[in-house]
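A short write-up of the structure that comes next.
The values are calculated or read from the model by the stated rules, or taken from the named source; none is laboratory data. These figures come from a predicted structure and were not determined experimentally. Glycine gets a Cβ as well: all are built from the backbone with ideal geometry, and neighbour counts include every protein chain shown. Note: accessible area is taken over every heavy atom of the protein model, side chains too, but ligands, DNA and RNA are not part of it. Shrake-Rupley method; radii C 1.70, N 1.55, O 1.52, S 1.80 Å.
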Amino acid sequence: MAPQAPANGGAGQGGIAAGGAGPSSSENGAGHHGGSSESNGGGVAGGTTAAPPSSVAANANGKRHGTRKRRRPAVNPKDRLLTLLRLIAIILFFIWRIRHPRADGMWLWWISIVGDFWFGVTWLLNQVAKLNPIKRVPDLALLKQQFDDFPDGNSNLPRLDVFINTVDPINEPMIYTMNSILSILAVDYPVDRTATYLSDDGGSIIHYEGLHETANFAALWVPFCRKHCIEPRAPESYFAVKSRPYTGNTPDEFADDHRRMSREYDEFKVRLDAMFTKIPERSDAYNAEVKEGAKATWMADGTQWPGTWFDPTENHKKGQHAGIVKVMLNHPGDEPQFGAPASAANPLDFSAVDVRLPMLVYISREKSPDYDHQKKAGAMNVQLRVSALLTNAPFIINFDGDHYVNNSLAFRAAMCFMFDRRDGDNTAFVQFPQRFDDVDPTDRYCNHNRVFFDATLLGLNGIQGPSYVGTGCMFRRIAVYGIDPPRWRSDDFKIVDNANKFGNSMSFINSIPSAANQEWSMTSPPADEELIKEELDNVMKCAYEDGTEFGKEIGWVYNIATEDVVTGFRLHRTGWRSMYCRIEPDAFRGTAPINLTERLYQILRWSGGSLEMFFSHCPLLAGRRLNFMQRIAYTNMTAYPISSVFLVFYLLFPVIWIFRGEFYIQKPFPTYVLYLVIVIVMTELIGMVEIKWAGLTLLDWIRNEQFYITGATAVYPLATLHIVLKLVLHGKGVSFKLTAKQAISTVNEKYAEMYIVQWAPLLIPTIVVIAVNVAAIGAAIGKAIVGGWSLLQMADASLGLVFNAWILLLIYPFALGIMGRWSKRPYILFILFVIAFVVVAAVVVAIHAARTGSVRFHFRHSGGASFPTSWGF
């Protein structure tokens, strides 16, 4: 997932209605994985103070371990003063509105009061959570000094288990998953101290044999990466760039090695693609020999595949198959193994390169139609138990199948925080920001979501830590087991206080105390030994979790679409903290949906899951171990979709004026406009401050505002309605929908999926908002022609039109999205808008002529100014 997502939303900008109808500005936040609300106010300014000396962590044995430097953006008093002044302006505005309850429709006046109050509160909550943003920088040199600089050349870095999750080789193209695995196998971390676990939740033989091919190709790719120090170490991304600065030690051999590896990678991709036809053909040949029974799917060794078959049958179909564990690459041992010199059979010279590969394991858990398998969360809990029996590393890092390691030092960077002297022992996880490839240069649908990843998470870093956003996150294993952090442990503390909550596997239960030892190192047992096979089969069974705390207080949380955010919340609620780590180059990169409909479905899952979390795991009711400010942040991150209920009223309010004529939501209007201007201007200034201290660009900020409005009209109301129906009718929550990722495209098809229109009901509400605001502008033009307005009235009307035009500008990316390939020429959209304005104006003139029998074009030179429209913002 991503992040995510998406935070799709936000705490309004104080919720001031404009033109008698709407909130003062978009309540920023475009799609964050986990639905954190994000407003465009920042509250503190950029710049950093001098970093304190590099800290070191003392472990239980008194050894000092390397960690990270700490930097804090300088908090400019003027910037905090700006936030305070805006808060004062909002309070004065509400006082004025309550003292002047005058409007043409008091029912709508009350709705606007409640809505503006909600916007103001959520804006304030959002600002409070970002008052103390802290940047922490990993000190990799000190880490290397503490763990790697030993005479024997060995490393004392802790063991690390890597989890990768995938389901469908079609919706999640297999080439992405295999690139992720190759980048992990080649990471700059002791090869004997990492193990990678691929969870294939579809039980597909395509993934299994693809992983086998990847392991074979890795024997060339990984030594090549080590020899020439290349970055990034995912071949698809590496070969996509034609030239890079060379940083290795053998430049005279690089050109030939590069050409060879490029050819090998092309052949590797061909072999992966061929599996979709090769395996069915092989299976047909075996089935022709058998001539009886179901049409099985056959493995290369002539045995039937225990997972899902191409022709589904009982016990071999999605949702019903046996559990599978296959060790593709065994534990490499502790001693380096250097490769062979160049020869006719092997043109690559690896004689000075350690060619060992980390352990690699394929997992597909048991599936049964009698059980709810809990999607990704359930798969990761099985990975947790299987890895405990095989390697039991004290630290875990997880990835979605489309994310790869972009910076080979990323694992080391996260370890700096885990071993920090000040906070390391109480740190449950280290979250990296999500970054994406293949997003269009303008980031039309705010996939990068930098406002959330680079501002909101940085603000949380100054409290109890960032939320977990689903991928690119390193965990402390015992924290995931639900064990208390050191600062909250009693004198009689026991690692395993109740064995029953962990299940009936004594091997798994006995592994838990060892996982608490950061320096514990073991050689994993062979997975084909009979005893370990029985234990592995046991912990993968559907029934294993019956009567346990898995999915509740242990592992990843169940029964919610945003299992990532809730799992992170549970760790924070238990008293653990987390860290935010942003490094250059980016630690990890992935893919994002650039199709409008897929993006909206992604945000629907995030926003619905966030709101579901507000009611089922309410942060306001968490225990005393959750920091008060963190509690506020989680409240804002989960309740933000509710804002859309009021926002939709504002955006559709022009309908009333179109059919009723003049209509005021607040009188006296001039004073109302003055408050609006003050609050809106201060909102934009606070947004500029946030851009500064978070290191954002103006485009990041604009896209954040634009896509929030799209989400608030198309997605959030549906998510809110869904949760209301669930609470009233006791139905299911928002379902998990796998987001289809774009396939790797050629140059001629770049961003092709962005121009495909997938019509869905989600698109209708935003189309209606566009139509209403277009109609309002056209109707204003028509009424100005035939209405006999004074110049002052026309000036007031023009001010209202500005707010309508601003709404259309915010929904501009959505409008492009529904144009399909015509959106390659954006000027066509503006031409269509102008035509629509003229048509609506002509209709108004025609209706007036039909009623009066004539059309008079005149203007009065005097007369009281009454604002004739209620165009919403």
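Values for this structure:
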quantity	calculated
Condition met for Ser490 (small (Gly, Ala, Ser), open to solvent by 40 Å² or more (accessible area, probe 1.4 Å) and either in contact with an Asp or Glu (Cβ under 8 Å, 6 or more places away or on another chain) or in a helix (DSSP H, G or I) (or both))	no
Elements of type helices (runs of 4 or more DSSP H) in region 75-148, at least 3 residues being under 30 Å from Phe419 (Cβ atoms), polar (S, T, N, Q) and modelled with pLDDT under 85	none
Those residues of region 260-286 which are under 22 Å from Asp311 (Cβ atoms), of a type in the set (Lys, Arg) and open to solvent by 70 Å² or more (accessible area, probe 1.4 Å), in sequence order	Lys278
Any hit, region 686-706, residues being at pLDDT 90 or above and in contact with a Pro (Cβ under 7 Å, 6 or more places away or on another chain)	yes
Boolean, Ser237 is in a helix (DSSP H, G or I) and not basic (Lys, Arg)	yes
Evaluation of Glu545 against (1) surrounded by 19 or more Cβ atoms within 10 Å (Cβ to Cβ); (2) not assigned by the TED database to the domain that holds Trp488 (one fails), failing number	(2)
Hey, Lys317 at pLDDT 95 or above and among the basic types (Lys, Arg) or not	no
Matching residues, region 567-588, being open to solvent by less than 10 Å² (accessible area, probe 1.4 Å) and touching a Ser or Thr at 6+ places or on another chain (Cβ under 8 Å)	Gly568, Phe569, Leu571, His572, Trp576, Ser578, Met579, Phe588
Flag if Ile495 is under 17 Å from Val565 (Cβ atoms), β-branched (Val, Ile, Thr) and open to solvent by 10 Å² or more (accessible area, probe 1.4 Å)	no
Residue that is farthest from the chain's Cα centre (by Cα) [pool: residues in region 421-443 that are farther than 12 Å from Gly465 by Cα and part of a strand (DSSP E or B)]	Asp437
Residue pairs meeting the criteria (Cβ under 7 Å; at least 6 apart or on separate chains; first in the same structural domain as Leu647 (by the TED database) and open to solvent by 20 Å² or more (accessible area, probe 1.4 Å), in region 710-731; second in a helix (DSSP H, G or I) and among the aromatic types (Phe, Trp, Tyr))	Leu727/Phe615
Check on Phe615, open to solvent by 10 Å² or more (accessible area, probe 1.4 Å) and closer than 23 Å to Leu763 by Cβ	no
Qualifying positions in region 155-169 - part of a loop (DSSP other than H, G, I, E, B) and either in contact with a helix residue (DSSP H, G or I) (Cβ under 9 Å, 6 or more places away or on another chain) or open to solvent by less than 10 Å² (accessible area, probe 1.4 Å) (or both)	Ser155, Asn156, Leu157, Pro158, Arg159, Val167, Pro169
Test result for Lys667, modelled with pLDDT under 85, open to solvent by 10 Å² or more (accessible area, probe 1.4 Å), under 24 Å from the mean Cα position of the chain (by Cα) and not aliphatic (A, V, I, L, M)	no
Subset tally (residues that are closer than 22 Å to Ile656 by Cβ and part of a loop (DSSP other than H, G, I, E, B)) for region 789-824	2
